[in-house]
Amino acid sequence: MILITGGTGFIGSQLTPLIKNKYKKEKVFLLNEGKHNLVTKKGLSKVPKNPRLVIHLAAATDTSKADQRCNDIGTKNLLEHLKLDKNSHFVFTSSLAIYAGRKNCKKAIDGKTKPSPNNGYGYTKLIAEKILIKAAKDRKFKLTILRLPTVWGDNPRKNSFLNFLKGLVKTNSIFSRLNWTGKTGLINVDDISKYLVNVSQKPPKTYQIIPLAVQNLTLAEIFKILTEAQGKKYKQIKVPSFIWNIAISLSPYLKYFESILPASIYNYFWRASIVVSSPLWCKVNVKGRKFSSI
């Protein structure tokens, strides 16, 4: 039995057909938001308890919302429901957002980079990782944690970060023409889906944590691609370097304002902070499609 949470979501809808094709003789159970709720445990009793393989995609992915409980509480509830053992492999999609608060951004993220979250999304993802690692040690199941960069591709959620950027380009916003300096990691939804299939076949002896990226781009480079895709000429506005340096120096203090500001407002500042400096650029370790407008 194979269990996929979030199986009808952005990544899940691409991954599920690949898993069914790869494991033709096994049943695949999809846990999705419409029928099941990991936070409230709604419908959880109907979920198979003894899957051989779990691919846990379900998450609170909208960083502008205050409720991120699906990431940590949802993961905890799922683990309590499942009876996993040494023959089980649990694959969890975490996020590079757990590094958003790091101060030294000159070096790309790799397996040795210490997490430093600075928003609710990053904190809850890191808590989920710790819950899973402890459970894997106690119950002896195999665990793979994949820390994902920005995932792009066809049919993202309407309020996704890249759709937000496209909207700025469409309205000719001044923000779409600034020379944003910070690099961020990227991967296409098809590439991460294929990677998930591959990693599902290679369980570690105990557990493994893998930060992933196909490429790294600055927001200015992303805006250039999006602008030209809309048939417009990209005319960049050069912001003096000292202004970017001031913004970078202030970014470590941003986390102290999350409890004060509404989540939707804080999210704008958080997003800005990670594209001013480069906390989320990652060592490229996956071959795949380079970013393009879709």
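Being among the aromatic types (Phe, Trp, Tyr) and assigned to a loop (DSSP other than H, G, I, E, B) is true for just one of Phe291, Phe242, Phe269. Which residue is that? I'd like the intermediate steps shown before the answer.
On the way: Phe242 fails: assigned to a loop (DSSP other than H, G, I, E, B); Phe269 fails: assigned to a loop (DSSP other than H, G, I, E, B).
Result: Phe291 is the single residue among Phe291, Phe242, Phe269 that is among the aromatic types (Phe, Trp, Tyr) and assigned to a loop (DSSP other than H, G, I, E, B).
Taking the condition of being without any contact (Cβ under 8 Å) to a residue 40 or more places away in the chain, surrounded by 12 or more Cβ atoms within 10 Å (Cβ to Cβ) and within 20 Å of Gly153 (Cβ to Cβ), how many residues in region 13-32 meet it?
4
Do the conditions hold for Ser264, that is, is it in the same structural domain as Tyr23 (by TED's automatic domain parsing) and either under 25 Å from Trp152 (Cα atoms) or touching a strand residue (DSSP E or B) at 6+ places or on another chain (Cβ under 8 Å) (or both)? First the steps, then the outcome.
Numbers: in the same structural domain as Tyr23 (by TED's automatic domain parsing): no; either under 25 Å from Trp152 (Cα atoms) or touching a strand residue (DSSP E or B) at 6+ places or on another chain (Cβ under 8 Å) (or both): yes.
Spelling it out, it is not the case that Ser264 is in the same structural domain as Tyr23 (by TED's automatic domain parsing) and either under 25 Å from Trp152 (Cα atoms) or touching a strand residue (DSSP E or B) at 6+ places or on another chain (Cβ under 8 Å) (or both).
Taking Lys76 as the residue in question, decide whether it is charged (D, E, K, R) and over 18 Å from Val189 (Cα atoms).
Details: charged (D, E, K, R): yes; over 18 Å from Val189 (Cα atoms): yes.
It is true that Lys76 is charged (D, E, K, R) and over 18 Å from Val189 (Cα atoms).
Of these, Leu254, Leu168, Leu196, which one is closer than 26 Å to Lys287 by Cβ and either touching a Gly at 6+ places or on another chain (Cβ under 7 Å) or touching a residue at least 40 places away in the same chain (Cβ under 8 Å) (or both)? Walk me through how you get there before you give the answer.
Working: Leu254 fails: closer than 26 Å to Lys287 by Cβ; Leu168 fails: closer than 26 Å to Lys287 by Cβ.
The conditions single out Leu196.
Could you figure out which of (1) more than 16 Å from Phe10 (Cβ to Cβ); (2) at pLDDT 95 or above; (3) touching a Pro at 6+ places or on another chain (Cβ under 9 Å) isn't true of Gly182?
Going through (1) more than 16 Å from Phe10 (Cβ to Cβ); (2) at pLDDT 95 or above; (3) touching a Pro at 6+ places or on another chain (Cβ under 9 Å) one by one, Gly182 breaks only (2).
Condition check: in the same structural domain as Lys130 (by TED's automatic domain parsing), surrounded by fewer than 22 Cβ atoms within 10 Å (Cβ to Cβ), part of a loop (DSSP other than H, G, I, E, B) and not β-branched (Val, Ile, Thr). Does Lys202 satisfy that? I'd like the intermediate steps shown before the answer.
Values: in the same structural domain as Lys130 (by TED's automatic domain parsing): yes; surrounded by fewer than 22 Cβ atoms within 10 Å (Cβ to Cβ): yes; part of a loop (DSSP other than H, G, I, E, B): yes; not β-branched (Val, Ile, Thr): yes.
Criteria met by Lys202.
Quick one: would you say Asn188 is within 17 Å of the chain's Cα centre (by Cα) and within 27 Å of Thr171 (Cβ to Cβ)? It would help to see each step written out before you state the result.
Numbers: within 17 Å of the chain's Cα centre (by Cα): yes; within 27 Å of Thr171 (Cβ to Cβ): yes.
Yes; evaluated as a whole, the condition is true for this residue.
Is it the case that region 125-141 has a residue that's among the aromatic types (Phe, Trp, Tyr), on the phi < 0 side of the Ramachandran plot and out of contact with any Asp or Glu (no Cβ under 9 Å at 6 or more places or on another chain)?
No.
The values are calculated or read from the model by the stated rules, or taken from the named source; none is laboratory data. Since the structure is predicted, the reported quantities are computational estimates derived from the model, not experimental observations. Here the Cβ is made from the backbone with ideal geometry for all residues, glycine too, and neighbour counts use every protein chain on show.
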